[in-house]
Every structure is written in C-alpha cells, then in structure tokens.
Amino acid sequence: MKPFNNYAETQALTETRKLPKGGYVCKIMGAEVKEYSWGQRLEVSIDIIEGEYKDFYAADYRAQRAEDKKWKGVLRLSVPTDDGSEKDDLTKRIFKGNIEAVEDSNGGYHWDWDEKKLKGKTVGCIFRNEEWLIDGRSGWKAQPYKFIDAAKIRSGDFKIPDDKAKSGGSAAPASYSTDLSGFEEVISDNDLPFDI
C-alpha cells in the first residue's frame, strides 16, 4: 500500500463522548450580550462541575481539531425588547426565571444588570435533547434548556422537558451508551477559552 501524505501529522478520529439529557450543576464560564438582526441575546457559557460529566465542555473544546474552536455549552436567552407584546412578556418571564436561578444558587448574589459578574457563579442547568440538521444529515444532542437552583439538581427536584425535533425531523433520538472507557483528557487548562 502506498502511504498517503501527512500520515504522521494526521489526528486520528476518536469516539465522541455524548452528554445525556438531564440536570447538571454548572459553573458560569462567561456571559455576553450579542447583537443580531432580530434583537439581542444574553449568551451564558457554562461547564458541568459535579458528577460523571464534570468538565464535559472543557474536554469537548480540547478535543476539537478545527482552527475555529467553539465552546458548545451555551445557554442563550433572548433579551426583552420592551415592546409591550405578549411575546415580549413571555421573554421577560423566561429571562427573570433564569436570573433568579443564579441568585438562588449563589447566596448573597443579586443581579445588577452587569452580565460580566455572572462569571464564576454556580447554577443548576436542565438539558434537553434537540435535533440538529446539517447538510442533509441529522442527529440529536443534549443542549442547555434553562437554569434552575443548583440545590434542585442535587436533590433531583426537576423535570426534563420533552425532546425538541426540527421541522420535518425524526420523532425521538436513538439511545446511546454513556460508557466512558477509553476517554482520556490530554490537553491542559491553558488551552481553554476561559480563565478557570
């Protein structure tokens, strides 16, 4: 067999670890308001800090081989527009519920409209399965759904919402193994996009 170019430098394809839907105690790694054509979103980057899936997103980030690595653990909250609509009222209620979860999880912390101060806070997060569709391919992935008091995650006092299928997608995700054998962390904390 003729050797192909760059064999020694080529990164081998490894098995991807999947996060099951559920509730996890997380740390907020950073938060920022982003502008879009339709409005603003508060994007809160998180990582799991307790249990079997501790440091899940840090490990995922380290394992990415593309030049434009992306932190995938992000809860995205629409920022209310104060337009008086019913939709905006719902957006306000969702936003406040998530902020109250951070306050409840961090005694003495009170939201003062400075999103940068969310960094380092502990919070519970519920993840639900969401379907993705890219270039004719599809699959399922656990995504951050909402924040709740970390004490409720620890006590098991939460409900996981139904899976969210894309329009025209399949009805439910296939089950997958949570076997972690062979999973190994090989890159240092210095490679992460956040100061820990």
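Every number in this text was worked out from the coordinates using simple rules, so none of it is lab data. Because the structure is a prediction, the values reported are computed rather than measured. Every residue, glycine as well, gets a Cβ built from its backbone with ideal geometry; the counts of neighbours run over all protein chains shown.
Per-structure values
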quantity: Extension reserve of the Asp83-Lys18 stretch, reckoned as 0.36 nm per residue once the Cα distance is removed; calculated: 19.4 nm
quantity: Label-to-label distance, nm, for residues given as Ser138 and Lys69 (7 Å Cα→Cβ offset); calculated: 3.2
quantity: Exposure proxy order (Cβ contacts within 10 Å, fewest to most) of Tyr57, Tyr7, Tyr24; calculated: Tyr7, Tyr57, Tyr24
quantity: Estimated dipole of the stretch 53-109 in Debye, rounded to 20 [Cβ of Lys and Arg +1, of Asp and Glu -1, Cα centre]; calculated: 440
quantity: Additional length obtainable on full extension of the chain from Glu50 to Ser37, 0.36 nm per residue less Cα span; calculated: 1.0 nm
quantity: Most to least packed among 29-38, 121-130, 143-152 [average Cβ atoms within 10 Å]; calculated: 121-130, 143-152, 29-38
quantity: Protection proxy ranking of 44-50, 135-141 - average other beta-carbon atoms within 10 Å, highest first; calculated: 44-50, 135-141
quantity: Residue-wise HN-Hα coupling along the stretch 40-53, computed from phi with Karplus coefficients 6.51, -1.76, 1.60 (Hz; x: Gly, Pro); calculated: 10, 9, 8, 10, 10, 7, 9, 9, 7, 10, 9, x, 4, 9
quantity: For the stretch 22-158, size of Cβ-based charge dipole, Lys and Arg +1, Asp and Glu -1, in debye; calculated: 440
